[in-house]
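See structure below.
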Amino acid sequence: MLPLVLLVPKSSPYKTADDLIAAAKATPKKINFGNAGVGSTSHLIAALFEAKARIDVTQVSYKGAAPANQDLMGSQVDIFLAPFGKAYEELQKQGKLKVLAMLNSERLES
């Protein structure tokens, strides 16, 4: 199973998950989370993250992960939670996306 990661566009002002949480608390509903559709893993995990962090964000539902990814890279959405597969790893290495946090119960091998 792939770990989930908290992704932001390369132009994002957020450097850490704590930065994101602080901004979301300071400006409720201003930060938007893209997701792959209502009921998708990315939607449910974003809702759980929102509840655990005690923040209020705007969920933006897409018809699948591909359009959500496009809007994330184009900075139309602020955040996207997704399984960290080879495609995201490559986009991160290319500097097209930033990973703020990995939501995994144990550390991954390098």
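The values are calculated or read from the model by the stated rules, or taken from the named source; none is laboratory data. Nothing here was measured: the structure is a model prediction, and the numbers come from that model. Heads up, the Cβs are rebuilt from the backbone with ideal geometry, glycines too, and the neighbour counts pull from every protein chain shown. The accessibility values were calculated without ligands, DNA or RNA, using every heavy atom of the protein model including side chains. Shrake-Rupley method; radii C 1.70, N 1.55, O 1.52, S 1.80 Å.
Observations, loosely collected:
- Helices (runs of 4 or more DSSP H) lying entirely in the chain (those with 2 or more residues that are modelled with pLDDT of 95 or more and open to solvent by less than 40 Å² (accessible area, probe 1.4 Å)): 17-26
- Selection count, region 23-38, where residues are touching a Ser or Thr at 6+ places or on another chain (Cβ under 9 Å) and over 12 Å from Phe80 (Cα atoms): 3
Results for (1) touching a Pro at 6+ places or on another chain (Cβ under 9 Å); (2) closer than 16 Å to Val99 by Cβ, shown as yes or no for each residue.
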| site | (1), (2) |
| --- | --- |
| Leu2 | yes, yes |
| Lys29 | no, no |
| Gly34 | yes, yes |
| Thr41 | yes, no |
| Ala46 | no, yes |
| Lys52 | no, no |
| Ser61 | no, no |
| Lys86 | no, yes |
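- With respect to (1) under 21 Å from Leu2 (Cα atoms); (2) touching a Lys or Arg at 6+ places or on another chain (Cβ under 6 Å), the lone exception for Ser40 is condition (2).
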